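Visitor: Dropping a structure here in structure tokens format, bear with me for questions.
Computed from the coordinates by the stated procedures, all read-outs in this text should not be read as laboratory data. Source: prediction; values computed, not measured. Using ideal geometry, Cβ is built from the backbone for each residue, glycine included, and neighbour counts are taken over all protein chains shown.
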Amino acid sequence: MTTQKLVIRSIRKNIKMYYLYFFAMIFSISLYFIFSTLQNDQTIVTMVEASMNFSTAFQVAGILLIFITIVFTMYATSIFIRRRSQEIGLYQLIGLSKAWITRVLILEQTILGLGALLIGILVGALLSRLFLLLFMNLIGIEAVVGLTFSSQAVIQTIAVFTCLIAVTSLQIIWTVYRSTLLQLFQANNQNDYFVKRPSIVSSILGLAGLSLIGFGYYVSTLIVDHADLLMFLMLLVLASTILGTYLVFRTTISWILYVYRKKQNGNLGLYNSLSVAPLMHRMKGHANSLTLITVLSAMTITMISLSYSLYYSTEKDVRLAMPFDFAVENMQAEAAIISSKLEEEQIEFDHYELDAIRFDGAWVEQDPNVDNRHRTFMLFSAEQMVQAGLDVESPQDGEAIYHNTRAIIEGMENSYPKYVEYPSNDEVNRLTVSNFKLENVMNYRFYGEQLLVSEETFKRMKDSIQENEYKEFLAFEVFHLLDTEKSDTASDIFLTNVDSDLYITDFYSAYEGSRQNYGLLIFIAGLLGFVFILSTGSILYFKQMTEAEQEKTHYRTLRQLGFQVNEMMKGIVRKQLFVYLIPLGIGLIHAAFALNVGSVLIAASMLTPIIISMAAYIVIYLMFTVVTIRYYKSIVTNAL
Amino acid sequence: MENQKTPKTVLIAEGLLKSYALKGNAQQVLQGIDLRVIEGEFVGIMGPSGSGKTTLLNTLATIDRPTEGNIFINEQEISKMKDTQLSNIRRKHLGFVFQDYNLLDTLTVKENILLPVSLTKTSKDQAEKEFNAISGMLGIKQLANKYPAEISGGEKQRTSAARALIHSPSIVFADEPTGALDSKAASNLLGNLNEINQARQVTIVMVTHDPLASSYCKRVIFLKDGKIFSELYRGEKTRESFFKDILDMQAVLGGGNQK
């Protein structure tokens with residue numbers, strides 16, 4: 001029999017075992033192809049050239065995608081070589097050389113890979129238009145999508161694919177040459193990680209794992225207040241939670257199971273025999289992959305939730321930073337032109353004038369050893385704001401409220417009341433700032449920290465701030481569009497009529513800008529997240545598949561003893577829920593703490609987008625559980 | 001010695017046929033077997049390779065189905081039962097000892113033994129009592145918390161026997177229980193089985209190719225080409241002379257499948 005025939009036969013024989021592997025490969029190739037098609041799409045290329053953010057985001061995402069694909073394929077390959085180790089051993093036993101075996105395996109891999117490449121590119125080509133439309137929709141651009149088959153994308157995909165084949169070939173060579181015949185024959189019932197009785201050390205390590213995670217969570221809550229140590233604290237959190245997670249999987253869980261089991265005093269029962277006992281023994285061997293899966297899950301959930309929150313709350317966030325559609329400072333002439341132009345275009349709007357005072361002052365530090373922080377402030381009157389349509393409460397007489405969407409990031413959320421000192425004619429040269437609000441009362445980019453006071457206080461301060469110091473009376477002209485359909489035209493009118501050197505922007509332009517940025521972010525995060533979840537899910541599935549094969553003899557024995565498939569499935573489902581839900585649960589908690597830190601980036605509430613992202617993740621993830629359970633069911637049913 | 005009252009019949013097989021379709025050619029493995037086992041019997045089934053020993057045992061033990069014929073266990077006709085009913089019969093009325101032990105290597109000796117009483121209404125105290133009694137009889141009590149990987153083959157097989165007995169089944173089926181054991185461990189196990197058979201009136205049906213093993217039985221059935229060739233009763237004979245009878249019968253039967 002020639003080598004080719006043997007290869008084709010062995011592929012045909014193994015195709016069932018391979019099908020998921022094959023799909024996983026097709027899937028990653030088509031995703032990469034879609035990605036590189038988008039990268040090379042003319043519309044996107046123009047956008048990318050315009051913005052540094054876009055091009056870096058695309059590059060980073062591309063590298064990450066290649067990285068995950070390679071790691072995942074290597075992982076899958078190693079599992080499949082292991083499953084076929086007996087076959088490899090047999091070939092060697094009948095006298096075929098290692099070189100021959102490697103050649104056959106690599107040939108097989110390449111044939112499968114080429115199939116996956118072809119199908120992957122076809123699927124990718126079909127789907128990329130859909131993805132492009134989705135992308136355009138996300139970032140709010142209405143462009144005519146005329147997608148052509150991108151040969152550049154094909155070349156890129158082939159290049160990545162070649163890398164993939166090279167890496168897996170090396171892996172095959174390494175595995176075949178390194179393993180001895182004995183190892184090959186025993187690979188399937190290797191119980192090298194078999195935990196029998198955890199020692200005292202493992203209970204200590206088990207507790208250490210939990211405490212490390214707890215410590216990591218605790219430190220994570222400190223990050224916001226110690227932004228100067230950001231890098232160090234972040235690394236500390238990452239290191240202690242990841243190490244803690246690893247220990248939890250390696251020892252804590254099997255230790256807890258052991259204690260539980262010991263309590264049963266030998267009367268374990270069928271369900272526990274099929275869940276607690278194998279879990280306790282195998283947790284240690286699964287520690288690496290379960291840690292990887294937990295960390296990846298946490299990362300994916302955080303990434304998706306955060307970018308979705310950013311995208312979801314774009315409008316709210318921009319509105320909080322820019323309460324008025326248009327605003328200009330001391331530019332009556334320009335304001336008049338804008339008004340008349342808007343009227344010309346028959347765009348209805350409200351127009352108000354607001355007084356403000358800009359002055360130099362300082363935040364009084366409670367600690368006398370620290371110098372007061374000198375700042376420029378802008379003082380607004382609450383009554384005027386209410387007239388201009390803003391929903392603000394008037395502070396008590398003599399007190400001010402600090403308005404800043406970035407108050408938390410700037411570390412200004414604690415220890416109120418604070419005091420602002422200013423050079424005054426009166427004796428009272430301190431203004432009490434009773435509280436802060438995460439919203440601006442004037443569009444950002446106007447210089448000065450925003451303080452809101454009552455009209456009366458405003459008037460009094462107007463006179464009392466010393467003349468010889470810096471003090472400026474400002475007149476803001478603010479506009480509210482009543483007719484948002486023509487916001488584009490209105491935005492153009494505004495921008496062309498203010499001096500572009502002043503970097504003034506309007507609500508609509510700012511909104512479009514951040515919608516594009518966050519649209520890109522959620523798109524890339526979604527794509528990567530999708531790849532992440534499918535790789536983690538598949539890794540778990542592969543592992544469980546192998547485990548099911550290994551435990552097949554147990555299932556046969558139990559069937560012979562007269563246990564029914566349904567009864568056994570109850571125990572197996574319990575085990576699968578453990579295997580899948582523990583990493584998911586820990587991953588979700590990790591993500592929750594990470595998001596807690598990330599929430600300072602966004603002024604609006606993140607709850608809805610976080611719940612939606614987590615739910616989506618859980619649903620996709622649990623699909624793998626269902627597929628695994630179905631696989632187990634077929635094994636148990638056919639065991640007898 | 002059987003007592004005055006007529007002993008109960010626990011297993012009846014009538015006209016058992018079993019054929020496997022092999023590429024269109026039906027191969028007859030069992031060609032009409034009639035068998036009756038009464039309560040408390042220790043029956044051995046012998047015969048050359050390919051004579052259908054294991055097929056017969058599997059069919060009687062409800063693991064396999066006969067092509068034709070009827071099987072009654074405790075007067076219940078089982079050959080037409082559904083799989084779930086069969087499972088129930090196995091779990092409640094039958095016990096199994098396999099050649100390669102079939103212990104779950106993730107469970108301790110005690111957990112393995114107590115497995116069949118899970119899902120039944122046996123209380124924990126009751127189970128504990130049963131475990132103590134049976135493991136004491138088989139001399140494996142001190143191994144309760146060991147894993148199968150930590151004990152010897154003979155100990156494994158005694159564990160397997162304990163598992164087969166824990167739920168007081170009507171019949172215990174043993175498939176070459178001594179096949180993987182050395183002679184000392186084998187006679188230990190057989191001695192144990194014999195004692196338990198007498199002390200608890202447990203019915204045992206054992207397939208073996210080992211004349212020494214079958215010399216512990218009360219009756220030995222010889223199969224040849226899927227039919228019952230002959231039967232030997234031990235009666236009042238010593239084990240040694242019964243052993244000689246069995247050897248003689250084997251000589252008549254011929255070791256292989258000579259045609």
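Visitor: Once you average over the residues of B:187-193, how many Cβ atoms of partner chains fall within 10 Å of each Cβ? Walk me through the intermediate numbers first.
Guide: Details: counts 0, 0, 0, 0, 0, 0, 0.
Mean inter-chain Cβ contacts per residue within 10 Å come to 0.
Visitor: Using the charge dipole of the protein assembly as shown (Lys, Arg: +1 at Cβ; Asp, Glu: -1 at Cβ; taken about the Cα centre), state which of B:GLY136, B:GLY47, B:ALA13 has its Cα farthest towards the positive end.
Guide: Comparing the listed Cα positions along the dipole, B:GLY47 ranks first.
Visitor: Choose one of B:SER241, B:THR62, A:ALA525: the residue whose Cα lies farthest towards the positive end of the charge dipole of the protein assembly as shown (beta-carbon charges +1 Lys, Arg; -1 Asp, Glu; about the Cα centre).
Guide: B:SER241
Visitor: Given contacts defined as C-alpha pairs under 8 Å and at least six residues apart, what's the relative contact order of chain B, whole-number percent? Each step should come with its number before you reach the end.
Guide: On the way: 462 pairs, mean separation 69.6, N = 259.
This gives 27 percent for chain B.
Visitor: Where Rh is the Kirkwood radius over the Cα pairs of the protein assembly as shown, the temperature 10 °C and the viscosity 1.306 mPa s, what D in µm²/s does Stokes-Einstein return? Provide the component values of the computation, followed by the final result.
Guide: Numbers: Rh = 34.2 Å.
It comes out at roughly 46 µm²/s.
Visitor: Would you mind giving the mean number of other chain beta-carbons within 10 Å of the Cβ of each residue in B:109-116, as a whole number? Display every interim value, and only then the final one.
Guide: Values: counts 1, 5, 10, 4, 2, 7, 9, 5.
Mean shielding by partner chains, rounded to a whole number: 5.
Visitor: Could you work out the relative contact order of chain A, using alpha carbon pairs under 8 angstrom and six or more residues apart, expressed as a whole percent? Write out the running numbers ahead of the final one.
Guide: Numbers: 859 pairs, mean separation 118.5, N = 640.
Once normalised by length, the contact order is 19 percent.
Visitor: Based on the Cβ-Cβ distance of A:ASN288 and B:LEU17, what FRET efficiency does E = 1/(1 + (r/R0)^6) give at R0 = 45 Å, to the nearest 0.05? Write down the numbers at each step before the final one.
Guide: Values: r = 54 Å, r/R0 = 1.21.
Using R0 = 45 Å, I get an efficiency of 0.25.
Visitor: In chain A, if the dipole is taken from +1 on Lys/Arg beta carbons and -1 on Asp/Glu beta carbons about the Cα centre, which of A:ILE70, A:HIS281, A:GLY209 is farthest to the positive end?
Guide: A:HIS281
Visitor: A follow-up question, please. Where does the protein assembly as shown land at 222 nm, in deg cm²/dmol rounded to the nearest 500, when only DSSP H runs of n ≥ 4 count, each adding -39500 (n - 2.57), divided by all residues? Could you put the intermediate results ahead of the total?
Guide: Numbers: 29 runs with 515 residues, N = 899.
-19500 deg cm²/dmol, from helical runs alone.
Visitor: Rank by packing, highest mean first: peptides B:228-236, A:518-526, with packing defined as the count of other Cβ atoms within 10 Å averaged across residues.
Guide: Details: B:228-236: 14.2, A:518-526: 23.1.
Result, highest mean Cβ count within 10 Å first: A:518-526, B:228-236.
Visitor: Relative to the Cα centre, what is the charge dipole magnitude of region A:1-190, using +1 at the beta carbon of each Lys and Arg, -1 at the beta carbon of each Asp and Glu, and rounding to the nearest 20 debye?
Guide: Working: 12 positive and 5 negative charges, 228 e Å.
So the dipole magnitude of region A:1-190 works out to roughly 1100 debye.
Visitor: For A:THR432 and A:GLN387 in the same chain, what is the full-extension length gain: residue separation times 0.36 nm, less their Cα-Cα distance, in nm?
Guide: Values: separation 45, 0.36 × 45 = 16.20 nm, distance 2.43 nm.
Between A:THR432 and A:GLN387, full extension yields 13.8 nm more.
Visitor: In what sequence do A:HIS281, A:HIS374 fall when counting other Cβ within 10 Å, fewest first? Before the final figure, lay out the partial values.
Guide: Working: A:HIS281 21, A:HIS374 10.
With the fewest neighbours first, A:HIS281, A:HIS374 line up as A:HIS374, A:HIS281.
Visitor: Restricting to region A:324-505, compute how many DSSP beta bridges are antiparallel as a %, nearest 5.
Guide: Beta bridges within region A:324-505, antiparallel portion: roughly 75 percent.
Visitor: Based on alpha-carbon centroids, what's the gap between region A:236-279 and region A:412-467 in Å, whole number please?
Guide: 58 Å
Visitor: For region A:418-479, what is the number of Lys pairs with C-alpha distance below 21 angstrom, counting only pairs 8 or more positions apart or on separate chains? Working shown, then result.
Guide: Numbers: A:LYS418/A:LYS437; A:LYS418/A:LYS462; A:LYS459/A:LYS471; A:LYS462/A:LYS471.
Lysine pairs meeting the criterion: 4.
Visitor: Additional query: Nearest-5 percent of antiparallel DSSP beta bridges in chain A? Don't jump to the answer; show the numbers that get you there.
Guide: Values: 33 of 43 bridges.
Antiparallel: roughly 75 percent of the beta bridges in chain A.
Visitor: Please give the net charge around A:GLU329, taking every other residue with its beta carbon less than 13 angstrom from that of A:GLU329, where Lys and Arg add +1 and Asp and Glu add -1. Show your work: numbers first, answer last.
Guide: Working: positive: A:ARG358, A:ARG445; negative: A:GLU334, A:GLU353, A:ASP355, A:GLU472, A:GLU477, A:ASP499.
Combined, the nearby Lys, Arg, Asp and Glu give -4.
Visitor: Return the subset of B:LYS121/B:LYS146; A:LYS13/A:LYS570; A:LYS552/A:LYS575 for which the Cα-Cα distance in this structure is over 23 Å, preserving the input order. Mind showing how you got there, number by number?
Guide: On the way: B:LYS121/B:LYS146 26 Å; A:LYS13/A:LYS570 32 Å; A:LYS552/A:LYS575 15 Å.
Flagged as over cut-off: B:LYS121/B:LYS146; A:LYS13/A:LYS570.
Visitor: Ok, one more. Considering only DSSP beta bridges whose two residues both sit in region B:82-236, what percent are antiparallel, to the nearest 5?
Guide: Working: 6 of 15 bridges.
The antiparallel fraction comes to roughly 40 percent.
Visitor: What number comes out for the charge environment of A:LEU482, summing +1 per Lys or Arg and -1 per Asp or Glu over other residues with Cβ under 11 Å away? Intermediate values should be presented prior to the final figure.
Guide: Values: positive: A:LYS486; negative: A:ASP325, A:GLU348, A:ASP350, A:ASP483, A:GLU485.
Result for the neighbourhood of A:LEU482: -4.
Visitor: While we're here: Rank the residues A:SER339, A:SER199, A:SER275 as a footprinting-exposure proxy: fewest other Cβ atoms within 10 Å of their Cβ go first.
Guide: Taking fewest neighbouring Cβ atoms as first place, the list is A:SER199, A:SER339, A:SER275.
Visitor: Dipole size in debye (nearest 20) for region B:188-232 around its Cα centre, Lys and Arg Cβ +1, Asp and Glu Cβ -1?
Guide: Working: 5 positive and 4 negative charges, 27 e Å.
The dipole magnitude comes to about 120 debye.
Visitor: In what order do B:ASP34, B:ASP105 fall by count of nearby beta-carbon atoms within 10 Å, going from fewest to most? Provide the component values of the computation, followed by the final result.
Guide: Working: B:ASP34 12, B:ASP105 18.
Ascending number of Cβ neighbours within 10 Å: B:ASP34, B:ASP105.
Visitor: Given 0.36 nm per residue, what is the gain on full extension from A:PHE530 to A:ASN137 after removing their alpha carbon distance, in nm?
Guide: Length gained between A:PHE530 and A:ASN137: 139.6 nm.
Visitor: Using label points projected 7 Å from each Cα along Cα→Cβ, tell me how many nm separate A:VAL167 and A:GLN86, to one decimal.
Guide: Distance between the two pseudo-spin positions: 3.1 nm.
Visitor: With the contact rule set at Cα under 8 Å and sequence spacing of 6 or more, what percent relative contact order holds for region A:1-190?
Guide: Working: 140 pairs, mean separation 80.6, N = 190.
This gives 42 percent for region A:1-190.
Visitor: Beta carbons within 10 angstrom, averaged per residue: use that to sort the peptides A:294-301, B:51-58, highest first.
Guide: A:294-301, B:51-58
Visitor: Using alpha carbon centroids, what distance separates region A:583-626 and region A:163-182, in Å?
Guide: If we compute the Cα centre of each part, the gap is 38 Å.
Visitor: Take peptides A:174-183, B:156-165, A:86-95, A:528-537 and line them up by average Cβ neighbours within 10 Å, highest first, as a rough protection proxy. It would help to have the intermediate numbers written out before the result.
Guide: Values: A:174-183: 13.2, B:156-165: 26.8, A:86-95: 15.1, A:528-537: 22.1.
Averaged packing, sorted descending, gives the order B:156-165, A:528-537, A:86-95, A:174-183.
Visitor: With a sphere of radius 15 Å drawn around the Cβ of A:GLY209, what net charge do the other residues whose Cβ falls strictly inside it have (Lys, Arg +1; Asp, Glu -1)?
Guide: Numbers: positive: A:ARG250, A:LYS284; negative: none.
Every neighbour counted, the sum reads +2.
Visitor: Ok, one more. Suppose each label sits 7 Å from its Cα in the direction of the beta carbon; what would the B:GLN85-A:ILE155 distance come out to in nanometres?
Guide: For B:GLN85 paired with A:ILE155, the spin-label model returns 7.2 nm.
Visitor: Across the residues of B:57-65, average count of Cβ atoms on other protein chains within 10 Å?
Guide: Values: counts 0, 1, 0, 0, 1, 2, 5, 1, 0.
Neighbouring Cβ atoms belonging to other protein chains average 1 per residue here.
Visitor: For region A:554-568 and region B:37-91, what is the separation of their Cα centres, given in Å?
Guide: Value for the Cα centre distance between the two parts: 18 Å.
Visitor: What angle, in degrees between 0 and 90 and rounded to the nearest 10, separates the Cα long axis of helix A:253-264 from the longest principal axis of the Cα atoms of chain A?
Guide: The helix A:253-264 is inclined about 60 degrees to chain A.
Visitor: Here's another thing I want to ask about it. Nothing charged except the Cβ atoms of Lys and Arg (+1) and of Asp and Glu (-1): what's the magnitude of the dipole of chain A about its Cα centre? Round to the nearest 20 debye.
Guide: 7920 debye
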